[in-house]
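To keep things clear, I will list the structure first and then write my remarks on it.
Every read-out reported here was derived from the displayed coordinates using simple, explicitly stated rules and does not represent laboratory data. As the structure is a computational prediction, the values presented were derived from the model and not from experiment. With ideal geometry, Cβ positions are generated from the backbone for all residues, glycine too; neighbour counts draw on all protein chains shown.
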Amino acid sequence: MADIVFVSRRHSGQRIDRAVQVLVSLAALGICAFFFWIVSDLFAHGFGELSWSFVTELPRDAGRGGGIASILVSTVAILGVCLSVSLPLGTSAAVLLAELGAREDRFALLVRRCLDVLAGVPSIVFGLFGNAFFCVALGLGFSILSGGLTLACMVLPILIRSTEEGLRAVPNEYRMAAAALGMTRSRTIFRVLLPAAVPALVVGLVLGIGRAVAETAALIFTSGYVARMPTSFLDSGRALSLHIYDLSMNVPGGEAKAYASALVLLALLLVLGSAALGISDRWLQRRMIRI
Amino acid sequence: MTSSPSHLRLPAVPLIQIESLSVRYGSKTALREVSLTIPHGSITAVIGPSGCGKSSLLGALNRLSDLVPGCTVSGTVRFGELDVHAADTNVQDLRRRVGMIFQKPNPFPLSIRKNIELPLRERARFSRAQLDERVERVLRDVGLWEELGDRLDDSALKLSGGQQQRLCIARALALEPEVLLMDEPCSALDPISSATVEDLIVRLSETCTIVVVTHNLAQARRISDELAFFWVRDDAGVLIESGSTHRVFRMPHAELTAAYLQGARG
């Protein structure tokens with residue numbers, strides 16, 4: 001009797017296992033399907049508009065004609081400002097959190113709490129803050145600089161958290177070995193720990209780039225939406241995502257160009273992401289084998 | 001294996017003098033009131049069961065204990081004229097003079113060459129030629145030059161465990177330490193690598209004073225001149241007996257030592 005109960009239990013257990021497996025696979029399949037649906041929709045509507053001149057020409061007729069050259073330049077410039085500010089700041093903060101303060105340190109706790117809140121703040125709030133602080137208080141106006149700095153505030157939590165986790169994942173033996181060899185903490189951080197944490201840093205970087213390039217709401221109030229070719233960082237510049245929004249919502253007949261711009265945005269993300277990964281990989285190879 | 005006529009050496013001048021040293025982690029006492037003298041030029045083996053504070057002892061000698069959160073050290077450790085735990089002691093300098101080898105080989109994720117050069121470059125400015133010369137010398141010292149001399153730019157992590165441990169020793173030697181602390185340097189290695197490292201320890205004792213923690217009594221007997229036997233009493237490590245290895249194995253003063261050495265305890 002006991003045997004039979006045991007067997008039937010095992011059978012029901014197996015059934016649950018199978019059911020869970022099927023459900024999980026279905027969920028994974030659903031996610032893939034959703035992704036392919038979006039991409040194929042973009043291709044179906046936007047691929048016809050894609051051409052070399054689309055990338056090199058200035059927009060005409062509110063974006064219905066011409067290309068997106070000025071938009072691309074603005075996008076890259078905004079991203080450049082964002083990263084050149086957020087990377088050094090983020091790395092320093094991560095070093096502070098992971099290496100220099102104890103985990104239960106009050107100050108570190110405060111910083112971490114702030115980061116968690118920041119990571120959850122809606123981007124429109126960042127936009128309003130950026131407008132009030134960078135555009136008005138600092139007098140930068142609607143400019144690429146204001147937009148980039150606002151985005152830097154947005155991606156900092158992502159960068160810091162992933163770099164911090166990366167540093168924490170570095171085996172403690174390296175710290176012990178370095179200390180036992182009379183190496184100072186700072187040299188240990190820069191020569192051993194940070195290089196070892198680079199893969200995690202790059203993951204954060206790629207996520208941050210993704211968030212920055214896709215941002216629309218925060219940029220409306222900070223870098224503005226002038227579609228002209230910017231001539232300085234203090235010029236207003238329209239980011240790609242904003243261009244897509246404008247074409248699809250405010251410009252009748254702009255849908256095709258919006259789709260094409262979205263394809264370019266997707267490609268830009270892919271290129272930047274794989275470039276970051278590739279460069280860091282090469283650098284790591286060189287660094288680990290020969291500084 | 002190794003022959004050790006070392007117990008025939010003359011008693012040497014004390015290099016490290018430990019007086020009523022206690023090490024605590026928070027409220028837990030790891031080591032209580034230890035007094036011990038490490039003679040210059042000797043190999044001192046530290047033996048005893050797990051948790052008797054052997055590693056804590058080593059950590060207190062090069063102040064690696066500073067890195068352990070909540071660790072407090074009391075008592076004095078004199079290294080020559082230097083008061084190791086004084087507030088104004090230059091810790092970096094101390095650790096260059098008192099090298100340390102860990103149980104698990106811990107090379108940096110860098111090339112073989114960089115592993116040795118990185119700590120050297122921080123000590124002083126060396127020319128490329130000086131660095132190359134030093135790298136070759138220490139690798140020869142640990143017998144890795146023949147094996148690895150032509151691939152110094154390979155990753156150190158690709159080496160075998162025994163090679164990694166010898167690289168770690170070479171890395172420590174490059175700083176020309178006066179003392180090498182070794183925390184069970186052979187226990188993570190296979191028997192052949194272990195024998196190689198053991199031979200190496202004996203050879204190194206010609207230029208370095210060595211303190212080696214080991215669980216291997218036969219090894220302690222083979223290589224050491226001095227023996228320090230630790231035990232756990234009231235949840236804290238205490239020193240039961242120390243003296244020349246020859247004497248302690250032949251005529252242990254404490255009953256506990258005799259029992260442990262015969263394998264009856266621990």
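Some observations on this one:
- With the simple model of a label 7 Å out from the Cα in the direction of the Cβ, B:Arg250 to B:Asp83 spans 4.0 nm.
- The mean number of Cβ atoms from other chains found within 10 Å of a Cβ in peptide B:173-181 is 1, as a whole number.
- Eligible lysines near B:Lys158 by straight Cα distance, threshold 30 Å, same-chain separation 8 or greater: B:Lys104, B:Lys114
- Gain in span if fully extended, A:Val39 to A:Ala119, counting 0.36 nm per residue against the direct Cα distance: 26.1 nm
- Counting only other chain Cβ atoms within 10 Å of each residue's Cβ, the peptide B:116-127 averages 3.
- Annotation: Cα Rg of the stretch A:161-203 relative to the compact-globule expectation 2.2 N^0.38 Å equals 1.11.
- Two-site label geometry, B:Gln17 and A:Ala169: point separation in nm, points 7 Å out along Cα→Cβ: 5.1 nm
- Peptides A:121-133, A:197-209, B:228-240, B:100-112 ordered by average Cβ neighbours within 10 Å, highest first: B:100-112, A:197-209, B:228-240, A:121-133
- Whole-Å semi-axes of the protein assembly as shown's equivalent ellipsoid (Cα gyration tensor): 61, 29, 23
- Mean per-residue shielding of peptide B:100-112 is 5, counting Cβ atoms of other chains within 10 Å of each Cβ.
- Kyte-Doolittle mean at least 0.0 and Cα axial length at least 20 Å: DSSP H helices in chain A: A:2-46, A:69-95, A:106-120, A:144-169, A:194-213, A:255-289
- Percent RCO, i.e. relative contact order, over the stretch A:54-290, from Cα pairs under 8 Å lying at least 6 residues apart: 27 percent
- As a calculated quantity, the FRET efficiency between A:Val271 and B:Asp153 at R0 = 35 Å, using C-beta atoms, amounts to about 0.65.
- Per-residue packing, averaged as other Cβ atoms within 10 Å, sorts the ranges A:32-42, B:172-182 into the order B:172-182, A:32-42, beginning with the highest.
- Relative contact order of chain B, defined on C-alpha pairs under 8 angstrom at six or more residues apart (%): 27 percent
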